[in-house]
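**Student:** The structure that follows is given in the form of structure tokens.
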Amino acid sequence: MTRTATVNYHVHKPYRQAFELDAGGIAGNLVSPELGTTSVTLVDNRATTNTVKFASDSVEFVALITQVQHLSGAAWKPIYDAELTAMLSDRLGAREVLVFDHTVRKDDPSATRKPARNVHSDYSKDGAEQRLADLLGAEVAAEWAQGHYAFVNVWRPIEHPINSAPLGFVRPSSVDPSDWILLDLIYPDRKGQIMGLVENPKHSWVYQSKMTPDEVAIFNIYDNQGLPSVAHSALDMVEDPRISTIRKSIESRRLVRY
């Protein structure tokens, strides 16, 4: 089964482009580089026999019930972190998992963090290596770099099934290396580097329709031994126009040591 959605690709420029987050010291204020809006065809992972797998496509959708009912305060984090750590250890064979970031997104103009509507992956090689050192310190990071490590994102709907702005992915096998561009990510207190994707009609898009809070998408955002980073973006589409729930999600970034 195929669907269509609108996405915002990056565009080639003769200079390095950048996002500024919380620009001017204002929480949620985002300054974006130029984007090109394009309609794409999607395959619904629920309705195909050629489902995506983490080992081959850098993304996988799995059922994962959580004991966390509310994301208020701090009591939920140890419970949720333990659940995701156990899942990644089991499914990916990770021997060590470090939790370092949770981001709650809400598709509302007043939200501090809205769904990311640009086709991207979260780290470049230099950005991942810098983040590794930021998290572990230079000495421990150098030790990890001698082996196999990766940054993995676990994305989950919260409160309601996703009816609008679902998360879509581009199969890495359909991406040409020249489709990627480097982008700076400028925070008030630090600087990172991500990868943006430019349009290519050969891109093969996949998503999972009407994801529920009992499901997660596990996807690779950097691997130092070659598993491709997967390009992803919120999709401008609506599953059922009769439903008016607001898209809410939580994404949890993990540093994984294999």
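Bear in mind these aren't lab numbers, they're just calculated from the coordinates by the rules spelled out. Values in this document were obtained by computation on a predicted structure and should not be read as measured data. FYI the Cβ positions are ideal-geometry reconstructions off the backbone, even for glycines, and counts take in every protein chain you see.
**Student:** Straight-line reach only, C-alpha to C-alpha below 16 angstrom: list the aspartates and glutamates that residue 53 could link to, leaving out same-chain residues fewer than 8 apart.
**Tutor:** List returned: 44, 90, 215, 223.
**Student:** Quick one: net charge of residue 141's neighbours, Cβ under 12 Å, K/R +1, D/E -1?
**Tutor:** Value of the local net charge: -2.
**Student:** While we're here: Pairs of Cα atoms under 8 Å, at least six residues apart: use those to get the relative contact order of the chain, whole percent.
**Tutor:** 33 percent
**Student:** With point charges of +1 on the Cβ of Lys and Arg and -1 on the Cβ of Asp and Glu, referenced to the Cα centre of the range 2-257, which listed residue (97, 110, 142) lies farthest in the positive direction of the dipole?
**Tutor:** Towards the positive end, the residue furthest out is 110.
**Student:** For a protection proxy built on the mean count of beta-carbon atoms within 10 angstrom, sort 107-115, 154-162 highest first, please.
**Tutor:** Descending packing order for the listed peptides: 154-162, 107-115.
**Student:** Right, next: Express the C-alpha Rg of the range 154-258 as a ratio against the empirical globular expectation 2.2 N^0.38 Å, rounded to two decimals.
**Tutor:** With N residues counted in the range 154-258, Rg over 2.2 N^0.38 Å equals 1.20.
**Student:** How charged is the neighbourhood of residue 203? Take every other residue with its Cβ under 14 Å from the Cβ of residue 203, and add Lys/Arg as +1 and Asp/Glu as -1.
**Tutor:** Here the charged neighbours net out to -2.
**Student:** So, one more: Among the lysines, which fall within straight-line cross-link reach of residue 191, defined as a Cα-Cα distance under 17 Å, with same-chain neighbours fewer than 8 residues apart omitted?
**Tutor:** Within reach: 125.
**Student:** Would you please name the chymotrypsin sites (Phe, Trp or Tyr not before Pro) within the range 1-85 that are DSSP coil residues with at most 16 other C-beta atoms within 10 Å of their C-beta?
**Tutor:** Counting only loop positions with at most 16 other Cβ atoms within 10 Å, the chymotrypsin sites (Phe, Trp or Tyr not before Pro) in the range 1-85 are 15.
**Student:** List the lysines whose Cα sits under 17 Å from the Cα of residue 210, skipping any in the same chain fewer than 8 residues away.
**Tutor:** Filter leaves 106, 248.
**Student:** Something else now. Mind ranking 135-147, 116-128 by how tightly packed they are, going by the mean number of other C-beta atoms within 10 angstrom, highest first?
**Tutor:** 116-128, 135-147
**Student:** Please give the calculated 222 nm ellipticity per residue for the chain, where each DSSP H segment of at least 4 residues contributes -39500 (n - 2.57) and the sum is spread over every residue; nearest 500 deg cm²/dmol?
**Tutor:** After summing the helix terms and dividing by residue count, I get -4500 deg cm²/dmol.
**Student:** Return the long-range amide H neighbours of residue 215 (sequence gap of 5 or more, or a different chain), with a cut-off of under 5 Å between placed amide H atoms.
**Tutor:** Result for residue 215 returns 64.
**Student:** For the peptides 33-44, 207-218, what is the packing order when you average, over each peptide's residues, the other Cβ atoms within 10 Å and list the highest mean first?
**Tutor:** 207-218, 33-44
**Student:** Where both residues lie in the chain, what percent of DSSP beta bridges are antiparallel, nearest 5?
**Tutor:** Among the beta bridges of the chain, antiparallel pairing accounts for roughly 90 percent.
**Student:** Here's a follow-up. Where does the charge balance sit around residue 92 when Lys and Arg score +1, Asp and Glu -1, over other residues with C-beta under 12 Å from its C-beta?
**Tutor:** +1
**Student:** Let me ask something additional. Across all directions of projection, what mean area in square nanometres is found for the Cα convex hull of the chain?
**Tutor:** If you wrap the Cα atoms of the chain in a convex hull and average its projections, you get 14.0 nm².
**Student:** Only counting other Cβ atoms within 10 Å, I'd like 59, 99, 206, 238 sorted with the fewest neighbours first.
**Tutor:** Least to most surrounded, the residues fall as 238, 99, 206, 59.
**Student:** If you rank 53, 248 by fewest surrounding Cβ atoms within 10 Å, what's the result?
**Tutor:** 53, 248
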